[in-house]
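**Q** Below is one structure. I have some questions about it.
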Amino acid sequence: MATDINPAPTSPKIVSPELMFTATKHSRKRQLTENVARGVFFAMTLLMILPLILIVVYLFVKAAPILSLEFFFSNPAKGMRAGGIWAPLLGTIYIVIISLLVSAPIGVLAAVYLNEYARESWFTRIINLAVVNLAGVPSIVHALFGVGAFVYFARMGRSVLAASLTLAIMTLPVIIASTKEALGAVPMAFREACWNTGATRWQTIRGIVLPNSISGILTGVILQVSRAAGETAPIMFTGAVFFKAISEGDVFAYGLLDRFMALSMHLYQLSTQVPGVPEALEYGTAVVLLGAVLMVNALAIVLRVYLRSRQRW
Amino acid sequence: MSPDKKQSKSYSVETRQLNLWYGDFQALINVSVKVVDGLITGLIGPSGCGKTTLLRCFNRVNERYGNVTTTGEVEILGKNIYDADVSLPELRKNVGMVFQRPNPLPISVYENIIFGLRVHSERRIRKRSDTDNIVETALREVHLWDDLKDQLKVKATTLQLEQQQKLCIARLLPLKPRVILMDEPCSALDAKGTRTVEELMLELAGQYTILIVTHNMAQARRVSNECIFMLLGEIIEHSHTEDLFLTPQNSKTADYIEGRYG
């Protein structure tokens with residue numbers, strides 16, 4: 001018989017049954033560590049939530065006096081020291097919509113290609129690496145690219161179009177990355193099942209892969225809406241201006257090649273460039289920006305929950 | 001069928017000098033094998049010996065898994081499927097596959113059954129009464145009709161595993177395949193599920209040529225008419241199942257079926 005390579009561990013001390021389940025010194029110490037760990041994690045969570053709540057409450061309290069329908073539908077006036085936010089609000093809506101009209105289809109379709117069609121090769125590896133890295137590039141870099149490529153080279157000048165395209169370039173890699181992730185979450189077994197009935201790749205994508213990843217794809221796209229709405233740097237050099245009067249209440253007030261106002265830029269100007277701005281005006285602008293971002297994110301969550309409830313495997 | 005033809009066996013799958021590489025790794029080495037039409041042929045061998053790879057060659061679905069190089073010939077019903085004029089969708093329609101883990105699509109039972117037809121029909125919408133019949137026939141063939149006739153709208157992924165696997169078999173039938181490839185179809189099922197799927201296979205044999213990869217040698221003995229033993233990408237032995245298990249010609253086969261490795 002071969003030697004025993006795996007000898008049984010020495011048997012623990014035999015304890016009498018009435019002592020068997022009582023805490024020992026060691027188990028009391030473990031319980032203490034457990035309590036400390038839980039306490040630390042909880043404290044950190046609290047530390048994270050508190051400032052968030054404070055910021056939101058503070059902003060709303062400060063902005064309360066000015067928040068009214070009129071605030072939304074009137075242009076800034078008296079050298080930015082009075083009036084509302086109509087021009088910047090409309091500008092932000094314009095650039096967000098136009099930039100997503102460009103980046104969402106390109107990004108989603110490119111991600112489908114990379115995830116469903118492209119074979120693993122050095123070329124696709126480089127593309128994937130580039131996408132991930134581009135997603136992490138600071139927005140000011142995208143801004144400079146936008147100035148060079150759209151404002152000067154493509155001769156769009158500083159305009160809604162140039163700024164939107166710059167934002168599109170900025171959001172594109174993130175949309176590609178999040179879409180790829182959503183597609184990757186669809187089990188391979190579903191694709192195999194389709195292929196083995198003779199479905200082409202497109203039939204597989206159309207019939208099974210997209211319906212089961214659409215919630216993740218949309219979430220990724222919508223989150224980029226709030227990012228595009230909140231960025232200042234990319235639009236600062238590519239078309240956003242200090243002031244531009246447009247007709248109040250007219251949703252088609254900006255042309256594609258017009259300069260425009262935007263909320264994020266407006267807030268920056270109010271708080272740094274103009275002396276004597278009533279506090280409520282600044283905070284009102286901030287609340288609208290925050291509210292818009294929160295609403296868009298909430299929409300993303302609702303949409304995801306709704307679409308998830310229809311996909312179950 | 002003329003008596004002549006009955007004498008000489010007809011083969012539905014035939015490979016000649018089939019070699020296959022995943023990148024630099026050679027997974028199949030000079031595989032030449034003939035699979036008799038209408039019978040159940042078992043593929044046995046230790047993990048990683050190329051059983052599944054060989055199976056996947058028969059509908060060329062291997063090519064969807066990345067860097068694959070194939071040389072040699074695979075004839076299905078006398079036609080080399082590596083010829084340039086072979087359409088992959090048509091090939092896969094005729095050579096269906098059942099997987100180790102049941103993989104019904106995340107759509108209703110009804111839609112699962114007619115998924116293949118929808119994929120292959122030019123007209124977008126078929127008549128409802130037609131598809132109703134097709135679904136009923138397919139489910140009856142796999143003995144699921146009585147269980148599922150009131151649950152046709154249920155999402156197939158919520159069924160029991162055994163029902164899912166039978167559904168995956170039923171899903172192939174409306175396409176009228178000639179060959180059904182089964183990659184360890186029972187390994188995710190319990191004893192009862194295994195028995196019913198095996199019974200189903202025995203009923204389907206004759207209409208379809210069935211190739212089954214299995215790790216379960218008792219299963220290979222129960223269901224297969226012929227058996228192929230593979231080792232490290234090569235065919236070691238191919239004969240009637242009974243002969244292979246009772247009087248193996250190769251000592252490696254004997255070692256494997258007696259459980260000395262694998």
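**Q** Can you tell me which of (1) surrounded by 19 or more Cβ atoms within 10 Å (Cβ to Cβ); (2) modelled with pLDDT of 90 or more; (3) β-branched (Val, Ile, Thr) is the one B:Val61 doesn't meet?
**A** Condition (2) is where B:Val61 drops out.
**Q** If you don't mind, another one. State which residue pairs qualify: first residue free of Cβ contacts under 8 Å to residues at least 60 places away in the same chain and inside segment A:160-173, second residue of a type in the set (Lys, Arg) and assigned to a helix (DSSP H, G or I) in any location, beta carbons under 8 Å apart, and separation of 6 or more residues or different chains.
**A** none
**Q** Right, another one. In segment B:60-85, how many residues are assigned to a loop (DSSP other than H, G, I, E, B) and either touching a Pro at 6+ places or on another chain (Cβ under 6 Å) or within 8 Å of chain A (Cβ to nearest Cβ) (or both)?
**A** Residues flagged as assigned to a loop (DSSP other than H, G, I, E, B) and either touching a Pro at 6+ places or on another chain (Cβ under 6 Å) or within 8 Å of chain A (Cβ to nearest Cβ) (or both) within segment B:60-85 amount to 2.
**Q** Every residue in segment B:86-100 that is more than 9 Å from chain A (Cβ to nearest Cβ) and hydrophobic (A, V, I, L, M, F, W, C), please.
**A** B:Val86
**Q** For segment B:206-225, name all the residues that are modelled with pLDDT of 90 or more and either outside any helix (DSSP H, G or I) or on the phi > 0 side of the Ramachandran plot (or both).
**A** B:Tyr208, B:Thr209, B:Ile210, B:Leu211, B:Ile212, B:Val213, B:Thr214, B:Ser224, B:Asn225 - these are the residues of segment B:206-225 that are modelled with pLDDT of 90 or more and either outside any helix (DSSP H, G or I) or on the phi > 0 side of the Ramachandran plot (or both).
**Q** Hey, among the residues in segment A:178-189 that are facing another protein chain (nearest Cβ under 10 Å) and open to solvent by 10 Å² or more (accessible area, probe 1.4 Å), which one's nearest to A:Leu307 (Cα to Cα)?
**A** Step by step, filter segment A:178-189, then rank; the result is A:Pro187.
**Q** Against the conditions (1) open to solvent by 10 Å² or more (accessible area, probe 1.4 Å); (2) of a type in the set (Gly, Ala, Ser); (3) under 24 Å from A:Val96 (Cβ atoms); (4) part of a helix (DSSP H, G or I), where does A:Ala130 fall short? Just the number, please.
**A** Among (1) open to solvent by 10 Å² or more (accessible area, probe 1.4 Å); (2) of a type in the set (Gly, Ala, Ser); (3) under 24 Å from A:Val96 (Cβ atoms); (4) part of a helix (DSSP H, G or I), the lone unmet condition for A:Ala130 is (3).
**Q** A further question on this structure: If you go through segment B:225-236 one residue at a time, do you hit one that is open to solvent by less than 50 Å² (accessible area, probe 1.4 Å), in contact with a Lys or Arg (Cβ under 8 Å, 6 or more places away or on another chain) and under 25 Å from B:Asp147 (Cα atoms)?
**A** Looking for residues that are open to solvent by less than 50 Å² (accessible area, probe 1.4 Å), in contact with a Lys or Arg (Cβ under 8 Å, 6 or more places away or on another chain) and under 25 Å from B:Asp147 (Cα atoms), one finds none in segment B:225-236, hence no.
**Q** Taking segment A:61-101, which residues are buried (at least 18 other Cβ atoms within 10 Å of the Cβ), within 27 Å of the chain's Cα centre (by Cα) and among the β-branched types (Val, Ile, Thr)?
**A** Selection gives A:Ile85, A:Thr92, A:Ile95, A:Val96, A:Ile98.
**Q** If B:Leu200 passes every condition in (1) more than 17 Å from the chain's Cα centre (by Cα); (2) open to solvent by less than 60 Å² (accessible area, probe 1.4 Å); (3) of a type in the set (A, V, I, L, M) but one, which one does it miss?
**A** For B:Leu200, the failing item is (1).
**Q** Give the residues of segment A:165-177 that are closer than 18 Å to A:Glu116 by Cα and crowded, with 24+ Cβ neighbours inside 10 Å, sorted by residue number.
**A** Result: A:Ile175, A:Ile176.
**Q** Determine, yes or no, whether A:Tyr113 is more than 14 Å from chain B (Cβ to nearest Cβ), assigned to a helix (DSSP H, G or I), open to solvent by 60 Å² or more (accessible area, probe 1.4 Å) and not aliphatic (A, V, I, L, M).
**A** Against the criterion (more than 14 Å from chain B (Cβ to nearest Cβ), assigned to a helix (DSSP H, G or I), open to solvent by 60 Å² or more (accessible area, probe 1.4 Å) and not aliphatic (A, V, I, L, M)), A:Tyr113 qualifies.
**Q** Here are some conditions: (1) open to solvent by 50 Å² or more (accessible area, probe 1.4 Å); (2) without any contact (Cβ under 8 Å) to a residue 12 or more places away in the chain; (3) outside any helix (DSSP H, G or I). A:Leu257 meets all but one. Which one does it not meet?
**A** Evaluating A:Leu257 over (1) open to solvent by 50 Å² or more (accessible area, probe 1.4 Å); (2) without any contact (Cβ under 8 Å) to a residue 12 or more places away in the chain; (3) outside any helix (DSSP H, G or I) leaves (2) as the failure.
**Q** If I ask for residues that are under 17 Å from B:Lys176 (Cα atoms), free of Cβ contacts under 8 Å to residues at least 12 places away in the same chain and away from chain A (no Cβ under 14 Å), which ones from segment B:101-136 would you list?
**A** Within segment B:101-136, B:Asp130, B:Asp132, B:Asn133 qualify.
**Q** A further question on this structure: If you check B:Glu162 against the conditions, is it of a type in the set (Asp, Glu), outside any loop (DSSP other than H, G, I, E, B) and farther than 19 Å from B:Leu105 by Cβ?
**A** Against the criterion (of a type in the set (Asp, Glu), outside any loop (DSSP other than H, G, I, E, B) and farther than 19 Å from B:Leu105 by Cβ), B:Glu162 does not qualify.
**Q** Determine if segment A:193-213 includes at least one residue that is surrounded by fewer than 24 Cβ atoms within 10 Å (Cβ to Cβ), among the charged types (D, E, K, R) and within 11 Å of chain B (Cβ to nearest Cβ).
**A** Yes, because at least one residue in segment A:193-213 is surrounded by fewer than 24 Cβ atoms within 10 Å (Cβ to Cβ), among the charged types (D, E, K, R) and within 11 Å of chain B (Cβ to nearest Cβ).
**Q** Can you tell me which residue within segment B:147-194, out of those that are more than 23 Å from B:Ala220 (Cβ to Cβ) and more than 14 Å from chain A (Cβ to nearest Cβ), is most open to solvent (accessible area, probe 1.4 Å)?
**A** B:Asp150
**Q** Let me ask something else. Conditions: (1) farther than 29 Å from A:Val151 by Cα; (2) open to solvent by 30 Å² or more (accessible area, probe 1.4 Å); (3) at pLDDT 90 or above. A:Gly284 meets all but one. Number of the miss?
**A** The number of the failed condition is (2).
**Q** Further, regarding this structure: Here are B:Leu105, B:Leu91, B:Leu139: which of them is hydrophobic (A, V, I, L, M, F, W, C) and open to solvent by 10 Å² or more (accessible area, probe 1.4 Å)?
**A** Of B:Leu105, B:Leu91, B:Leu139, the one residue that is hydrophobic (A, V, I, L, M, F, W, C) and open to solvent by 10 Å² or more (accessible area, probe 1.4 Å) is B:Leu91.
The values are calculated or read from the model by the stated rules, or taken from the named source; none is laboratory data. Quick caveat: nothing in here was measured; it's all calculated off a predicted structure. No Cβ is skipped: glycine too gets one built from the backbone with ideal geometry, and neighbour counts run over all protein chains shown. With ligands, DNA and RNA removed, areas are computed over all heavy atoms of the protein, side chains included. Shrake-Rupley method; radii C 1.70, N 1.55, O 1.52, S 1.80 Å.
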